[in-house]
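To keep things clear, I will list the structure first and then write my remarks on it.
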Amino acid sequence: MATEIDTRVSIDLHPETVMKLDGVDADTAPFIAPAVEAFEGAYSYLTSIHEVRAAAFADPTLTPEAALLRTDDHAAGKLAAVTQRFDNTIARFTTTIKSLESDLSASVKELAGKAVSGEVRAHMKASKDRVKLMEQALAEKDDEVLSAVLGAPPMLSGLSKELHAVFLRAYNEQRKPEASKRLKALTAARTHLENRGGLILREMERAVGTVPIIKQDKACVSRIVGKVTPREVRAARNASAAVYKKHA
């Protein structure tokens, strides 16, 4: 069931954003499902804060400050479970990504050990058209050249680490498209989780909100002159509680 859009919550945390990531489609969706579930949990959590706040501030038995603390208590009590789910999913994806990268590089490294491979790398390093030669090798699916260059450290062929990575990815997409596609989707999902994790706390604080400080001037006109945060309310309440306890 699709998660409804709540305009009170940042769209960047909606679960559907995961399905629009690079490499994610019907084939790879099952592999990144834990990321979707993590965002569903976060989105539901933030929606619940807004709903609890509305109910608390509508409760005639609560002062605005008490309603603010009720909202903050709800948010704080559930935050750890939401962020832990993000952390666990990132860790899980990292393990799978490392395994896929290892599998994809194993065969190409093995082929790179052939005797002729050293000559290929030497020729590539001496050439001024390395990129053109690599693009040609990819177009012709020349495994001998590709494995010789990509299965060894970049410096042996005169390629930069960045170019080496680009060509290795293209090579793997040719030889093992399914595994490469899965790796691409998982990497994108992990990055999305990492980039959006901090937004949960900011959205939580925004959803909990504050209580305005209202004062009247000499003309009896009410104005908002400041705001009180949950932390300030809690500190004041605790200070009073300490006095109560002292004189109990």
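The values are calculated or read from the model by the stated rules, or taken from the named source; none is laboratory data. Please read these numbers as outputs of a predicted model, since none were measured by experiment. Using ideal geometry, Cβ is built from the backbone for each residue, glycine included, and neighbour counts are taken over all protein chains shown. Areas reflect the complete protein model, heavy atoms only, side chains present, ligands, DNA and RNA absent. Shrake-Rupley method; radii C 1.70, N 1.55, O 1.52, S 1.80 Å.
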Any idea which residue in the stretch 160-176 is nearest to the chain's Cα centre (by Cα), counting only those that are open to solvent by 50 Å² or more (accessible area, probe 1.4 Å) and at pLDDT below 85? Arg169
Can you find even one residue in the stretch 219-230 that is more than 22 Å from Phe31 (Cα to Cα), crowded, with 16+ Cβ neighbours inside 10 Å, hydrophobic (A, V, I, L, M, F, W, C) and in contact with a helix residue (DSSP H, G or I) (Cβ under 9 Å, 6 or more places away or on another chain)? no
Got at least one residue in the stretch 135-145 being of a type in the set (A, V, I, L, M) and buried (at least 20 other Cβ atoms within 10 Å of the Cβ)? yes
Given the residues Leu62, Leu69, which is the only one that is in a helix (DSSP H, G or I) and either open to solvent by less than 70 Å² (accessible area, probe 1.4 Å) or at pLDDT 90 or above (or both)? Leu69
Would you call Val9 within 20 Å of Met204 (Cβ to Cβ) and among the β-branched types (Val, Ile, Thr)? yes
Scanning the stretch 189-216 for residues that are touching a residue at least 12 places away in the same chain (Cβ under 8 Å) and out of contact with any helix residue (DSSP H, G or I) (no Cβ under 8 Å at 6 or more places or on another chain), which turns out surrounded by the fewest Cβ atoms within 10 Å (Cβ to Cβ)? Ile213
Out of (1) free of Cβ contacts under 8 Å to residues at least 40 places away in the same chain; (2) open to solvent by less than 30 Å² (accessible area, probe 1.4 Å); (3) polar (S, T, N, Q); (4) closer than 30 Å to Gly41 by Cβ, the one Ser157 does not meet is (4)
Which residue is nearest to Leu79 (Cα to Cα), if the candidates are limited to the stretch 173-216 and must be of a type in the set (A, V, I, L, M, F, W, C), touching a Ser or Thr at 6+ places or on another chain (Cβ under 7 Å) and assigned to a helix (DSSP H, G or I)? Ile200
Cβ-Cβ distance below 7 Å, separation of 6 or more or different chains: which pairs start in the stretch 217-233 with a residue that is outside any strand (DSSP E or B) and among the charged types (D, E, K, R) and end on one that is open to solvent by 90 Å² or more (accessible area, probe 1.4 Å) and at pLDDT 75 or above? Asp217/Arg223
Scan (1) in a helix (DSSP H, G or I); (2) open to solvent by 70 Å² or more (accessible area, probe 1.4 Å) for the single condition Lys128 breaks and write down its number. (1)
